[in-house]
Amino acid sequence: MPLSRPRRNRKSVAIRSLIQEARLHPSQLVLPLFLKAGKNVREPIASMPGIFRLSLDQILKTIIEAQALGICAVALFPVIEEQKKDRLATESKNPYGLLPTSVTAIKKAFPEILVITDVAMDPYSCDGHDGLVQDGKILNDETIEILCAQALAQARAGADFVAPSDMMDGRVSAIRKALDQAGFTDTGILSYCAKYASSFYGPFREALNSAPRFGDKKTYQMDPANSREALREARLDVAEGADILMVKPALPYLDIIARLKALSSLPIAAYHVSGEYSMIMAAGANGWLDTEKAMMESLLCIRRAGADLIFTYYALEAARLLKLESSKA
Ligand code: PBG
């Protein structure tokens with residue numbers, strides 16, 4: 001007879017829920033939204049079934065829905081028209097541009113929703129890179145100047161958190177300084193701290209038409225083979241004044257989430273990225289996986305690894321399922 005019987009702790013719903021370590025709650029989910037100019041725009045994205053490029057009016061509607069489900073944060077990603085893109089990502093600093101004006105409108109309609117804006121050049125750059133390109137190279141310090149101006153435009157518009165996703169060196173401290181000097185001491189920095197050069201961003205780049213026009217992002221995003229480098233990035237971002245650290249992608253990088261959680265007492269965010277969403281949706285559409293179960297398991301495991309909050313395209317659906325579950329209980 002076995003001496004220990006771990007199955008005793010699994011024998012009923014009651015005991016399982018009593019000892020459950022990780023839990024998912026809608027308030028821990030951040031809903032990423034693709035913002036497009038115009039009215040009544042609801043444009044499907046081929047590689048992301050169920051996700052749309054939305055005009056501001058549609059985004060406002062979506063936020064009402066999100067709030068009713070207990071989601072309290074959105075992350076905005078603008079789709080910029082090709083003719084507005086240039087080498088210097090000039091449009092990213094335009095206070096009257098699509099993103100800042102939409103942020104202001106969202107905060108006016110829903111002051112309590114947390115608005116997170118992405119700081120990086122790629123949606124605005126004709127090169128499709130996160131930094132300024134010269135002779136095929138990505139310049140670091142020149143990029144930071146542009147990022148600071150972009151972050152300031154977003155803070156002025158009312159963003160609660162700016163989220164540099166560019167992976168340039170020293171950008172967190174430079175942005176912190178720029179924000180503080182302009183009086184935005186309450187605007188937070190959610191740093192994409194350990195962002196890997198991943199193939200899982202493909203569908204996102206389709207959504208924004210922002211794929212690099214040459215080469216790849218390996219001189220600034222991290223090598224998937226490395227984990228100690230993530231600790232180095234995390235220590236730097238903590239010292240530079242980040243408020244939240246992010247790991248991206250999520251599921252293939254659970255070890256990184258766990259290591260950052262152990263290293264820092266800052267909240268840890270994880271980005272369940274576009275490709276992670278799309279592969280479950282694709283398998284689900286083929287009948288190879290149960291989409292709902294696979295999604296919820298993925299999100300729960302990201303929490304178990306140590307993520308306090310999760311960016312996920314499945315946020316609305318997950319919140320709906322969680323609500324259903326709690327109404328049954
Ligand atoms: C832009 C950015 C990317 C993502 C978030 N911000 C793409 C990239 O770095 O190429 C990817 C998000 C996703 O795949 O869902 N700097």
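Expressed to the nearest 5 percent, the antiparallel share of DSSP beta bridges inside the chain is 15 percent.
Shown in residue order for region 88-96 are the 3J(HN,Hα) couplings computed by the Karplus curve 6.51 cos²θ - 1.76 cosθ + 1.60 at θ = phi - 60°: 8, 6, 3, 4, 5, 9, 6, x, 9 Hz (x for Gly and Pro). Backbone amide hydrogens, once placed in the peptide plane, bring Leu35 within less than 5 Å of Leu54, Phe77, Val79, excluding anything fewer than 5 places away on its chain. Given a 1.4 angstrom probe, what's the average accessible area per residue across the chain, in square angstrom? Heavy-atom accessible area per residue stands at 47 Å². Can you tell me the FRET efficiency between Glu317 and Asn40 if r is taken as the Cβ-Cβ distance and R0 is 30 Å, rounded to the nearest 0.05? For R0 = 30 Å, the calculated efficiency reads 0.85.
Only Cα pairs under 8 Å and 6+ residues apart enter the sum, and on that basis the relative contact order of the chain stands at 18 percent. Once the Cβ-Cβ distance of Ser12 and Thr90 is raised to the sixth power relative to R0 = 56 Å, the FRET efficiency obtained is 0.35. Most tightly packed first, judged by the mean number of other beta-carbon atoms within 10 Å of their residues, the peptides 84-90, 313-319, 119-125 read 119-125, 313-319, 84-90. If you sort the three axes of the alpha carbon gyration tensor as a ≥ b ≥ c, you get a/c of 1.5 or more for the chain and a/b above b/c, which makes it prolate. Model label sites at Asn286 and Ala197, defined 7 Å from Cα along the beta-carbon direction, differ in position by 2.9 nm. Full extension of the chain segment joining Asp57 with Thr219 gains 54.5 nm, where the gain is 0.36 nm per residue of separation less the Cα-Cα distance. For the chain, the mean residue ellipticity at 222 nm estimated from helices alone is -12000 deg cm²/dmol, where every DSSP H run of n ≥ 4 contributes -39500 (n - 2.57) and the total is divided by all residues, rounded to the nearest 500. For a modelled paramagnetic label at Ser326, 7 Å from Cα along Cα-to-Cβ, the residues of region 39-71 in reach, with backbone nitrogen under 18 Å, are 64-71. Sequence-ordered 3J(HN,Hα) estimates for region 313-325 from the Karplus curve with 6.51, -1.76 and 1.60 and θ = phi - 60° stand at 5, 8, 3, 4, 5, 4, 5, 4, 5, 5, 5, 4, 4 Hz, glycine and proline given as x. Under 5 Å from the amide H of Phe311 lie the amide H atoms of Val30, Ala270, Tyr271, His272, each residue being 5 or more positions distant or on a separate chain, with H modelled from the backbone and absent for Pro and chain starts.
Show which lysines lie in cross-link reach of Lys261 when reach means a straight Cα distance below 30 angstrom and same-chain residues fewer than eight apart are skipped. Within the straight-line limit of under 30 Å, Lys261 reaches these lysines: Lys177, Lys195, Lys217, Lys218, Lys248, Lys293, Lys323. Shown is the FRET efficiency for Glu81 and Leu114, computed with R0 = 30 Å from the Cβ-Cβ distance and rounded to the nearest 0.05: 0.60.
Note on the chain: dipole from Cβ charges, positive end direction compared against Ser125, Leu18, Met246; the farthest Cα belongs to Leu18.
Scanning residues 5 or more positions from Ala73 or on other chains, those with amide H under 5 Å from its amide H are Leu31, Leu114, with H placed 1.01 Å from N in the peptide plane. What the phi angles of region 176-183 give under the Karplus curve with 6.51, -1.76 and 1.60, with θ = phi - 60°, is a coupling list of 4, 5, 4, 5, 4, 4, 8, x Hz, glycine and proline written as x. Keeping to pairs on different chains or 8 or more places apart, tell me how many lysine pairs in region 1-138 have Cα atoms under 26 Å apart. Lysine pairs meeting the criterion: 22. Helix 98-109 and the longest principal axis of the C-alpha atoms of the chain enclose an angle of approximately 50°.
How would you classify region 213-329 from its alpha-carbon gyration tensor, with a ≥ b ≥ c the square roots of the eigenvalues: rounded for a/c under 1.5, else prolate if a/b is greater than b/c, otherwise oblate? Taking the square roots of the gyration eigenvalues as a ≥ b ≥ c, region 213-329 is oblate. Comparing Ile19, Ile256, Ile244 in a Gaussian network model of the chain, where Cα atoms under 10 Å apart are tied by springs, the biggest mean-square fluctuation is seen for Ile19. Taking only protein heavy atoms and a 1.4 Å probe, the accessible area of the chain is 55% carbon and sulfur.
The values are calculated or read from the model by the stated rules, or taken from the named source; none is laboratory data. Since this is a predicted model, take the numbers as computed values, not measurements. FYI the Cβ positions are ideal-geometry reconstructions off the backbone, even for glycines, and counts take in every protein chain you see. Note: areas computed on protein heavy atoms with side chains; ligands, DNA, RNA excluded. Shrake-Rupley method; radii C 1.70, N 1.55, O 1.52, S 1.80 Å.
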